[in-house]
């Protein structure tokens, strides 16, 4: 069966009885296993749920989505290389500064982050360890005339989410495909990609999603940082803990709890949830005189007589400009940055995840080969492999005012624009502009603003891909879909300003996320209900 | 610290910050671990939740409730004796018939159940194994002038629920008392019953609830029955399964799923949920000619080409008169009873759990010593121990019309009535009448109806007991409480009509439930939000 046939015949169709059973099973399974979110006010009004007790299933696909095995394996094989690449970027302050200089003129958010870095640098950093909890996001590029390939959409350096729920979706789809037996699952009708049809034997499919190690990988990363922090720097010494920094109105709570619970279960490391609004009241740093190493002290509101020293601040918040709506937010970020706690991420690592950095890294020789210089110890084959996942991206600004950048040429011509998307460089900076809407859009704004955008070649995912989604409000929707694969990795390194190179202490990959959304929607986040959590069923080219 | 002091100082008081933290932690923990129920329409309207996706925390206490260790151990030590007692009752059809003869005149529900038994008996039972999944419910009787003792409220022989959620509550309270360390839990302030106060060492408390083995005990019972059923009786043989018979509108789903999931995890036995409305469409029994052993065949609606033979029907439905609102409900119960599937419970075991049976069993020598005759192999000490848990109960009818039964005398006098409760014998037969309301109530109804009631001496639980409850709508209520301890047990036996004695194949105890309700409410079930799930913190007399 050729790949396109797989997408055309998948998922198997359901009778009304079958769909009712499958949907009911998914509804129950998801709450039983905390594959859950707090509902948005669009689903349940504040008036109905004033105490915020209700929960609902995360939006999920009823079936795992087919994915070519070589592409999945490529993403996994590249994760540690990507981890190292971004550790290197974040360790090279000078290189980052050159790019930031241009960016901070157009982006207050990045400018404020940079200012915090400069301020702490001036005071002197007291922590040279950084933890990255990364998720590299890809789409499958599957033009009609070539085998499918991976193209990177984004590399997340802060608040990479859904590792917890993604494991659960893979477990759920596995249960649906194998309960009570793989040859006779009662939830899924026969299909060659499962193990329940006469043609199954001819497919190189294991019949269910591959195991998802995201939770153990991510918690091992947190544990590595906690251990590397070493003993308490306080006098007398304090018990140590990890802080999960969370949004005050977080709805994706159970994804985060999957990590903190496993952190305690597997590593016996206590962690506490700290809402961003309480950073400055519940944490403190001793004065320079009393303790120049600046330990971050956390006082649990429920147990004010017990103080903890924070080894690691794991950011599941403060990633978006909209979260910094008061001067106190910026003060809080500065407060954390100057502390001795390891940050996941540091300001420099946070900045390294901006779209502009991704665009600069993708620039190909004969331009400066940044990738090669950041990864000097990797073979050309590895770097070629890495570069093969870059989707072409273009700046709309040029160092030389006499040369029209290629990005502008491609963006202004209707025929070439038709294969591109225009993305604002600013974080949280507005919507993407697609295809032939690009030339009229650019012509409607002053040319001086063009450099605020990056032009990216469109990725063409498999056009026949279909799935069925159970939304968080319980509605079942079906149709053509686009999926985005994320692979998780963690990296802990030490930076010494002299070398500008990271000394890597821990570098792992493990676990994946598939997010699937309806094809009509060009944007959307899972928690918002527009897209859904999915898992993989791997196939190989015949 | 004397027991009354324990109740007077417990639970420790909370600052606003402490309560907020504790409540938020409980809200999140409960959904993360499926200590959850589907909300009632009083919490979320059908209009808001038309697809029934929402879930909320089960109503739970914020703290485990103190309980005297000797009473808990007594309940555990008696469980297997009680299991055997009810196995013996259910095996003695003739003894049951004598009691039923009177009952069925006043109770259509019991009469209809009895009719089904007679009909199947006439046709001939094809299954001589019965499974009991029991919960023996007690209250603590703690008058001022005597040490506390256990008094049995009810012995449940059908649909004994909350084993799944009770394990979770015990785990939750244990986490709250020990995270991140027993000496410094951040959720609970210091109290001698925890391990976090200077006086803790002097208390013989482990500082958290005892482990709760309800789920493993109950699933082992289901597994024992499944194994004892033996090979498929169909030609050709079919795969076998257990059926969880559930209400169509069940809200306590996750309590049930805890058992079915563990049944597959620990024993690899598949089980399917069958709503009562679909019994007659999804199960069938081959005609007498084609297969006289009457296997019960289940056809999953989602996979109609796969048939299963049902080894065991585990009733989590059809226990209350209100569930039999159509002739089809009775036909369905008859259909299941005549099948070869093991029933948990059989009709005779279901009937054995009626209040009248409990009242008859409590009758003391010189009346007939039923307990002794049902448990001929137990020591007098054991039987004395068992009888010590009986609360005095009285019939309001008399075999001799010339003798005024003691029950009537006690019920009509205001001074003695003040220490009693009047309970309808009929299952689901209305509300209990308390204390001095009893005489005027009896005088307001015809004397011929008096025999529909049983008079029971009131149990006096510790008057100073207090706790705080997080309801399913998120409201926090605190005050004086009354708790009811349930201990779980399972029993599998073979009945041969000749001996009238059960041949016991499996008899276990394990796991407990504490249900705690506000003292003002004389009635209430946990799922309705009036009472809450709790766990124990054991103390010993000084």
Please report, largest first and rounded to whole Å, the three semi-axes of the ellipsoid equivalent to segment B:252-315, where each semi-axis is the square root of five times an eigenvalue of the C-alpha gyration tensor. 24, 14, 11
Note the direction-averaged projected area, equal to a quarter of the hull surface, for the Cα convex hull of segment A:107-158, in nm². 5.9 nm²
Can you tell me, using C-alpha contacts under 8 Å and at least 6 residues apart, the relative contact order of segment B:392-458 as a whole percent? 43 percent
One can check that the equivalent ellipsoid of segment B:222-361, built from the alpha-carbon gyration tensor with semi-axes equal to the square roots of five times its eigenvalues, has lengths in Å, largest first, of 24, 18, 16
Quarter of the surface of the C-alpha convex hull for segment B:358-485, i.e. direction-averaged projected area in nm², equals 11.3 nm²
To the nearest Å, what is the center-to-center distance of segment A:15-74 and segment A:399-418, using C-alpha atoms only? 43 Å
Packing-based exposure ordering (other Cβ within 10 Å, fewest first) of B:97, B:509, A:404: A:404, B:97, B:509
On the Cα set of segment B:1-112, report Rg and Dmax in Å, please. 23.0, 62
Using only the Cα atoms of the protein assembly as shown, construct the convex hull and provide its projected area averaged over every direction, in square nanometres to one decimal. 47.7 nm²
With one decimal in nm and the nearest listed first, the spacings from residue B:119 to its own position in the other copies, using label points 7 Å along Cα-to-Cβ, are 8.1
Calculated on alpha-carbon atoms, Rg and Dmax of chain A in Å: 23.7, 75
How much of the DSSP beta bridge set in chain A is antiparallel, as a percent to the nearest 5? 70 percent
Restricting to the protein assembly as shown, what percent of DSSP beta bridges are antiparallel, rounded to 5? 75 percent
At residue A:445 and residue B:476, where each label point lies 7 Å from the Cα along Cα→Cβ, what is the point-to-point distance in nanometres? 4.7 nm
Among the DSSP beta bridges whose two residues both lie in segment B:193-350, what percent are antiparallel, rounded to the nearest 5? 25 percent
With all distinct Cα pairs included, what does the Kirkwood hydrodynamic radius of segment B:392-458 come out to in Å, to one decimal, could you say? 11.7 Å
Proxy exposure order for B:95, A:330 (fewest C-beta within 10 Å first) is A:330, B:95
Relative exposure of A:445, A:116, judged by other C-beta atoms within 10 Å (fewest first): A:445, A:116
Sort largest first and round to whole Å: the equivalent ellipsoid semi-axes of segment B:165-205, each the square root of five times a Cα gyration tensor eigenvalue. 19, 12, 7
Convert 37 °C to kelvin, take the viscosity as 0.692 mPa s, use the Kirkwood radius over C-alpha pairs of segment B:460-518 as Rh, and evaluate the Stokes-Einstein diffusion coefficient in µm²/s, rounded to a whole number. 219 µm²/s
If each Cα of segment B:50-188 is one equal point scatterer, what is log10 of I(q)/I(0) from the Debye formula at q = 0.14, 0.19, 0.20 Å⁻¹? -0.96, -1.24, -1.29
What Rg and what Dmax come out for segment B:168-274 when only alpha-carbon atoms are used, in angstroms? 20.6, 69
Set of segment B:485-502 residues, backbone N closer than 19 Å to the point 7 Å along the Cα-Cβ line of residue B:77: B:485-489
Rounded Å value of the spacing that divides the Cα centres of segment B:341-389 and segment A:217-263: 55 Å
So what is Rg over Rh here for segment A:342-403, counting just Cα atoms and using Kirkwood for Rh? 1.03
Helix-only mean residue ellipticity at 222 nm, chain B, DSSP H runs n ≥ 4 weighted -39,500 (n - 2.57), per residue, nearest 500. What is it? -10500 deg cm²/dmol
For residue B:505, label point 7 Å along C-beta direction: distances to other copies, nm: 6.0
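Every number here is computed from the coordinates shown, using simple stated rules; none is lab data. This structure is a prediction, so every number in the text was calculated from the model and none was measured. Because the Cβ atoms are built from the backbone with ideal geometry, glycine has one as well, and the counts that use them run over all protein chains shown.
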